[in-house]
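Participant: Starting off with a structure, shown below.
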Amino acid sequence: MARRLVIIGGDAAGMTAAAQARRMVSADELEILAFERGSRTSYAACGLPYLIGGLVEAPADLVARTPEEHRAKGIDVRIRHEVTAIDTQTATVTVRNLDTGQESVTHYDELLIATGASGITPPWPGIDAEGVLQLRTLADAAKVEQALAAGTRHAVVVGAGYIGLEVAENLLARGLAVSVIEKLDAPMGAVLDADMAVAVTDAMRSAGIDLRLGTSVTGFTVSDGRVTAVETEAGPVKANLVVIGLGVRANSELARAAGIAVGESGGIIVDDHLRTGAPHVWAAGDCVESRHRITGRGVVLALGTHANKQGRCAGTNIAGGEATFGGVLGTAITKFKHLEIARTGLTEREAAAAGLDAFAEITEASSRAGYYPGAQSMRVKVVAERQTGRLLGAQIVGGEDAGKRIDVLATALWNGMTVHEMSGMDLSYAPPFSPVWDPVLLAAGKAASKL
Ligand SMILES: Cc1cc2nc3c(=O)[nH]c(=O)nc-3n(C[C@H](O)[C@H](O)[C@H](O)COP(=O)(O)OP(=O)(O)OC[C@H]3O[C@@H](n4cnc5c(N)ncnc54)[C@H](O)[C@@H]3O)c2cc1C
C-alpha cells in the first residue's frame, strides 16, 4: 500500500515539496494529499504589488499551477480545506471543509507543515474597517482593485519596509495620492542602515509620496464602516484605502499546539533536513526558523527564495533522497521606481547587535565606464569584521544594474571570504557593463585598505 504524505499549505513551500516528491516517487509508492484553506495554489505573492500597479495584467498570470494542474500531476489538492489540529501520537490531522463546515480526520505517514506567515496587525481601533487591508493574497489584490474602481483617491501605506515601498510605488502608478507612514526615522529600517536609506527617502519624496517618518499610527477614523483617515500621534492623514505592511509572524500555532518545538523567533524549529522534533513531521517556508549563516541564530526570514528551496529540500528527503538546507543570509532586493535596493548578511547595526567587532565602509561607484552612455551611480556599503577582514554583510542602493550586484557579495559572504580576497576577484569588465574596477571590487578594496 502507498504511504501517505499530507501537506498543510498549498503555496510555495508546500507545493514545491509536493512536486519534488512526486518527481522522485510514483503514486503507487507515495500518495500526496495537500490541504489549502484558500482557493488558490502555487501563486506568486511576490507579484501582487505589480498586479495592483497594472504591470501584471491578470491575477491568473500570478498562478504558477492551479489545483487541477496539480491533480493532473498526481497530487491530490483540496482547496478551501483548513487543517485545525495535528496529533503526532496517532499521526493524524483534523481537517475542516470551509464550504460545508464538515470535519474529518486523516492519517499521515509523513506530514509537511507549510503554513506560511501572516501579516502583523496591531490592535489599533478601527483596523477591521472596510478599506484597511494587507497585500498578501490574490483576494487582497482584488479588494484593492475594488477600492480603485470605487473611486479611491487617497491611499496610506503603513510601514516603509520592502512591501510598503512596492505597494506605494504601484498605487502611485495608478494615479493615487499616496502617503507612507513609518515609525522609524528612515525607510527600509529592517533592510538598510540609515546612511544607505537617505537615497530611498529622496526617491520617494521626489516621486510625490507624502513620506512621514518618525510617525506612529494610533488608529483609524471610520465612517459607515469605511476608513476615512489614519490617526497618528501627529494628527490624521486622509485615506480611503490603507495597506498595512508591518512585517510578518510565522504561522506556527498548529505546530505549537501539537507539541512541536517553536523557537524564540516564532518559527518552527527544524534541522538542516527540515525535520521538526516530532517523528515524520517536516516543516518548510515562512513558518520555520532558519539558521542565519553569520550569527548562527534561528531567524524567520519570510522570503520566497527560501520557501522554494526548503520545499524542494523537504520534498527530496520525504521521498527518500538526501538534501540539506544551508541556512540564510537575508539576501533581498527590491526597487522604488528607478532606485534599486539590495542587501545581504548583516547591516552595521545588526553586526553591532550581534556583538561582532565590525567596521563599515561606503563606496560611491558607477554602473558602467564613465564615458559610456547610461552610466548610473550607486552606493555600496560593506560591513566586515575588524580583526579578520571577514565580510559580514553588504548593502547597495543605486540606479539601473546596481541591485543584482548584491549576488556577487552574497556569494562571497556564503563562502566566508575576506574583503582582501574579494578585492582581487576575477569579475567581468567591458564598458557597457561596468567600470574596469567593478563597484564590488572597489568597495571590497576600499574596506581592505581601511584595515
Ligand atoms: C506582497 C508580497 C511581496 C513579496 N515579494 C517577495 C520578493 O520579492 N521576494 C521574495 O523572496 N519573497 C517575497 N515575498 C514573500 C514570499 O511570497 C513568501 O516568502 C512565500 O510565499 C512563502 O511561501 P510559503 O509556502 O512558506 O507560505 P505562503 O505563501 O504564505 O503559503 C502558505 C499557505 O498555507 C495556507 N495555510 C495556512 N494555514 C493553513 C491551514 N491550517 N490549513 C490549510 N492551509 C493553510 C495558506 O492559505 C497559504 O496559502 C513577498 C510576499 C508578499 C506578500
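Participant: Can you name every residue in the stretch 413-426 that is open to solvent by 50 Å² or more (accessible area, probe 1.4 Å) and over 29 Å from the mean Cα position of the chain (by Cα)? Steps first, please.
Facilitator: If we filter the stretch 413-426 for residues that are open to solvent by 50 Å² or more (accessible area, probe 1.4 Å), which is where we start, we get 414-415, 420-421, 424, 426.
Hits for the stretch 413-426 are H420, E421, G424, D426.
Participant: Hey, another quick one. Among the residues of the stretch 427-450, how many are among the β-branched types (V, I, T) and either at positive phi or open to solvent by 40 Å² or more (accessible area, probe 1.4 Å) (or both)? Don't jump to the end; show me each part of the working.
Facilitator: If we filter the stretch 427-450 for residues that are among the β-branched types (V, I, T), which is where we start, we get 436, 440.
Narrowing further to those that are either at positive phi or open to solvent by 40 Å² or more (accessible area, probe 1.4 Å) (or both): 436.
Matching residues across the stretch 427-450 total 1.
Participant: Right, here's the next one. I'd like to check something: does the stretch 403-410 contain any residue that is surrounded by fewer than 18 Cβ atoms within 10 Å (Cβ to Cβ) and either within 20 Å of the chain's Cα centre (by Cα) or not aromatic (F, W, Y) (or both)?
Facilitator: Our first condition is that a residue be surrounded by fewer than 18 Cβ atoms within 10 Å (Cβ to Cβ); within the stretch 403-410, this holds for 404, 407.
Of the ones still in play, those that are also either within 20 Å of the chain's Cα centre (by Cα) or not aromatic (F, W, Y) (or both) are 404, 407.
Within the stretch 403-410, one or more residues are surrounded by fewer than 18 Cβ atoms within 10 Å (Cβ to Cβ) and either within 20 Å of the chain's Cα centre (by Cα) or not aromatic (F, W, Y) (or both).
Participant: A follow-up question, please. Taking A27, is it in a loop (DSSP other than H, G, I, E, B) and surrounded by fewer than 18 Cβ atoms within 10 Å (Cβ to Cβ)? Reasoning before the result, please.
Facilitator: Working: in a loop (DSSP other than H, G, I, E, B): yes; surrounded by fewer than 18 Cβ atoms within 10 Å (Cβ to Cβ): yes.
Judged against the criteria, A27 is a match.
Participant: Any chance the stretch 27-35 includes a residue that's touching a residue at least 60 places away in the same chain (Cβ under 8 Å) and within 13 Å of the ligand (Cβ to nearest atom)?
Facilitator: Yes, the stretch 27-35 has at least one match.
Participant: Can you list the strands (runs of 3 or more DSSP E) found entirely within the stretch 117-182 that contain at least 2 residues being within 10 Å of the ligand (Cβ to nearest atom)? Spell out how you get there, then give the answer.
Facilitator: Details: elements: 117-119, 154-158, 177-181.
By residue number, 117-119.
Participant: Of all residues in the stretch 361-372, which are over 22 Å from A203 (Cβ atoms), open to solvent by 10 Å² or more (accessible area, probe 1.4 Å) and out of contact with any Lys or Arg (no Cβ under 6 Å at 6 or more places or on another chain)?
Facilitator: Hits for the stretch 361-372 are G370, Y371, Y372.
Participant: Residues being assigned to a loop (DSSP other than H, G, I, E, B) and under 21 Å from R23 (Cβ atoms): count how many of those fall in the stretch 45-75.
Facilitator: Applying the first criterion (assigned to a loop (DSSP other than H, G, I, E, B)) to the stretch 45-75 yields 53-58, 64-66, 73-75.
Next cut, under 21 Å from R23 (Cβ atoms) only: 64-66, 73-75.
The total comes to 6.
Participant: So, A190, is that one within 16 Å of the ligand (Cβ to nearest atom), closer than 29 Å to G345 by Cβ, surrounded by fewer than 22 Cβ atoms within 10 Å (Cβ to Cβ) and not β-branched (V, I, T) or not?
Facilitator: On the way: within 16 Å of the ligand (Cβ to nearest atom): yes; closer than 29 Å to G345 by Cβ: yes; surrounded by fewer than 22 Cβ atoms within 10 Å (Cβ to Cβ): yes; not β-branched (V, I, T): yes.
When the stated conditions are applied, A190 passes them.
Participant: Okay, moving on. Among the residues of the stretch 216-266, how many are among the acidic types (D, E), assigned by TED's automatic domain parsing to the domain that holds A155 and in a loop (DSSP other than H, G, I, E, B)?
Facilitator: Final tally of qualifying residues: 2.
Participant: When residues of the stretch 1-18 are filtered for being open to solvent by 20 Å² or more (accessible area, probe 1.4 Å) and in contact (Cβ under 8 Å) with a residue 60 or more places away in the chain, how many remain?
Facilitator: From the stretch 1-18, those open to solvent by 20 Å² or more (accessible area, probe 1.4 Å) are 1-4, 11-12, 16; that's our starting set.
Next, only the ones that are in contact (Cβ under 8 Å) with a residue 60 or more places away in the chain stay: 3-4, 11-12, 16.
The total comes to 5.
Participant: Residues of the stretch 190-236 being among the acidic types (D, E) and either touching a Ser or Thr at 6+ places or on another chain (Cβ under 8 Å) or more than 29 Å from A302 (Cα to Cα) (or both), which ones?
Facilitator: Of the stretch 190-236, the ones among the acidic types (D, E) are 193, 195, 202, 210, 224, 231, 233.
The answer is D193, D210, D224, E231, E233.
Participant: One residue is enough: does the stretch 292-304 have a residue meeting the conditions assigned to a helix (DSSP H, G or I) and closer than 28 Å to Y162 by Cα?
Facilitator: At the first step, the residues of the stretch 292-304 found to be assigned to a helix (DSSP H, G or I) are 304.
Okay, now just the ones that are also closer than 28 Å to Y162 by Cα, so 304.
Scanning the stretch 292-304 turns up at least one residue that is assigned to a helix (DSSP H, G or I) and closer than 28 Å to Y162 by Cα.
Participant: Which residues, taken from the stretch 85-123, are open to solvent by 40 Å² or more (accessible area, probe 1.4 Å) and without any contact (Cβ under 8 Å) to a residue 60 or more places away in the chain?
Facilitator: Within the stretch 85-123, Q89, T90, R96, D99, T100, G101, Q102, E103, S104, V105, P123 qualify.
Participant: Now for a separate question. Can you pull out the strands (runs of 3 or more DSSP E) entirely within the stretch 320-402 that have at least 2 residues that are β-branched (V, I, T) and at pLDDT below 95? Can you show your working first?
Facilitator: On the way: elements: 332-336, 339-345, 358-366, 377-385, 391-398.
Strands (runs of 3 or more DSSP E) meeting the threshold: none at all.
Participant: Identify, please: which residue in the stretch 36-58 is of a type in the set (S, T, Y), touching a residue at least 40 places away in the same chain (Cβ under 8 Å) and touching an Asp or Glu at 6+ places or on another chain (Cβ under 9 Å) and is, among those, nearest to the ligand (Cβ to nearest atom)?
Facilitator: Only one residue tops the list, namely Y43.
Participant: Name the residue that is surrounded by the most Cβ atoms within 10 Å (Cβ to Cβ), counting only residues in the stretch 33-70 that are of a type in the set (S, T, N, Q) and more than 20 Å from R312 (Cβ to Cβ).
Facilitator: Restricting attention to the stretch 33-70, the residues satisfying the condition of being of a type in the set (S, T, N, Q) are 39, 41-42, 66.
Among the residues that remain, those that are also more than 20 Å from R312 (Cβ to Cβ) are: 39, 66.
Values: S39: 14, T66: 16.
Among those that are of a type in the set (S, T, N, Q) and more than 20 Å from R312 (Cβ to Cβ), it is T66.
The values are calculated or read from the model by the stated rules, or taken from the named source; none is laboratory data. Just so it is clear, the structure is predicted and the values come from calculations on it, not from any experiment. Methodologically, a virtual Cβ is constructed for each residue, glycine included, from the backbone with ideal geometry; neighbour enumeration extends over all protein chains shown. Surface accessibility is based on the protein's heavy atoms, side chains included, excluding ligands, DNA and RNA. Shrake-Rupley method; radii C 1.70, N 1.55, O 1.52, S 1.80 Å.
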